[in-house]
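This report refers to the structure that appears directly beneath it.
The values are calculated or read from the model by the stated rules, or taken from the named source; none is laboratory data. Fair warning: this is a prediction, and the values are worked out from it, not measured in the lab. Cβ: placed from backbone, ideal geometry, glycine included. Neighbour counts: every protein chain shown.
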Amino acid sequence: MRIDIISVVPDLLTSPFSHSILKRAKDKNLLSVNLIDLRDFGIGGYKQVDDYAFGGGAGMVLMPEPLVHCIESLKSKVQYDEIIYLSPEGITLNQKLANQLSLKENLLLICGHYKGIDQRVRDQFITMEISIGDYVLSGGELAAAVLVDSIGRLIPGVLNDETSALTDSFQDNLLAPPVYTRPADFRGLLVPDILLSGHEAKIEEWRYEQSLLRTKEKRPDLLKDLDAL
Ligand code: ADE
């Protein structure tokens, strides 16, 4: 999968993709993340990319010319499945959406900054708007990092043990069961016997029950969604 990201502060995005699972995905050539600095398409000697909002009001808006120039130059080389604008007004990211996007070949992510991007670019080029929650960030970069992380780990072959993504919280609309590691006795706090029993089927049953209990307790809304399926 190829994910291109347009940003005015691409440096914000170098670290999240250079470690852990996303680094592994890149090393295995299963994912390539390309950061594009919008300023390279800026206007004039100052490489201007933003301007005041028509009608007044505080905050700058990313201008259409540099952004469209940048999008068109990328589109001339890559056929994108989706061109995504990260915005608090978008549909809220969840595991189902991450699953769907992990099956795509090429994604283009656009990070707004300041007051966002000119509405005409949204109308003409954006195929999907995604929010990572009902709060406002200074720009789309951190949201893009969250989105890429949630997608990248689901690309087949990225996780060593393919089943480990399947047992994540939300993967089947349930929260994950509790997990324990050594020592079996930590300051008198014991690991449940069943996990030491070696009885795979019983362990699976226990985990499912624990998932249900946890979900009922912490996120009963997820079980309602389950009924509706
Ligand atoms: N940009 C600013 N706030 C955002 C949010 N909550 N989700 C996605 N992009 C954003």
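Considering segment 60-155, the qualifying strands (runs of 3 or more DSSP E), each wholly inside and each with 1 or more residues that are within 11 Å of the ligand (Cβ to nearest atom) and crowded, with 17+ Cβ neighbours inside 10 Å, run over 82-92, 106-111, 128-131.
As a summary of the residue check, residue 158 satisfies the conditions (1) crowded, with 17+ Cβ neighbours inside 10 Å; (2) not in a loop (DSSP other than H, G, I, E, B) except for the one numbered (2).
Listed conditions (1) at pLDDT below 95; (2) within 30 Å of residue 29 (Cβ to Cβ) are all met by residue 93, apart from (1). Looking only at segment 101-114, residues that are in contact (Cβ under 8 Å) with a residue 60 or more places away in the chain and under 19 Å from residue 51 (Cβ atoms) come to 4 in all. One residue stands out among those in segment 174-192 that are of a type in the set (Gly, Ala, Ser) and surrounded by 10 or more Cβ atoms within 10 Å (Cβ to Cβ): the one that is farthest from residue 207 (Cα to Cα), which is 184. Across segment 196-207, not a single residue is classified as in contact with a strand residue (DSSP E or B) (Cβ under 7 Å, 6 or more places away or on another chain) and either among the charged types (D, E, K, R) or not in a helix (DSSP H, G or I) (or both). In segment 157-170, is there at least one residue being closer than 30 Å to residue 75 by Cβ and in contact (Cβ under 8 Å) with a residue 12 or more places away in the chain? Scanning segment 157-170 turns up at least one residue that is closer than 30 Å to residue 75 by Cβ and in contact (Cβ under 8 Å) with a residue 12 or more places away in the chain.
Exactly one residue among 37, 27, 11, 51 is in the same structural domain as residue 141 (by TED's automatic domain parsing), surrounded by fewer than 20 Cβ atoms within 10 Å (Cβ to Cβ), within 25 Å of the chain's Cα centre (by Cα) and more than 30 Å from residue 165 (Cβ to Cβ), and that residue is 37. For beta carbons closer than 8 Å, sequence separation of 6+ or different chains, a first residue in segment 115-142 that is of a type in the set (Phe, Trp, Tyr) and a second that is not in a loop (DSSP other than H, G, I, E, B), the qualifying pairs are 125/68; 125/71; 125/83; 135/88.
Within segment 113-144, the set of residues being more than 15 Å from residue 84 (Cβ to Cβ) and among the basic types (Lys, Arg) comprises 115, 120.
The residue that is surrounded by the most Cβ atoms within 10 Å (Cβ to Cβ), among those in segment 14-24 that are touching a residue at least 60 places away in the same chain (Cβ under 8 Å) and not in a loop (DSSP other than H, G, I, E, B), is 22.
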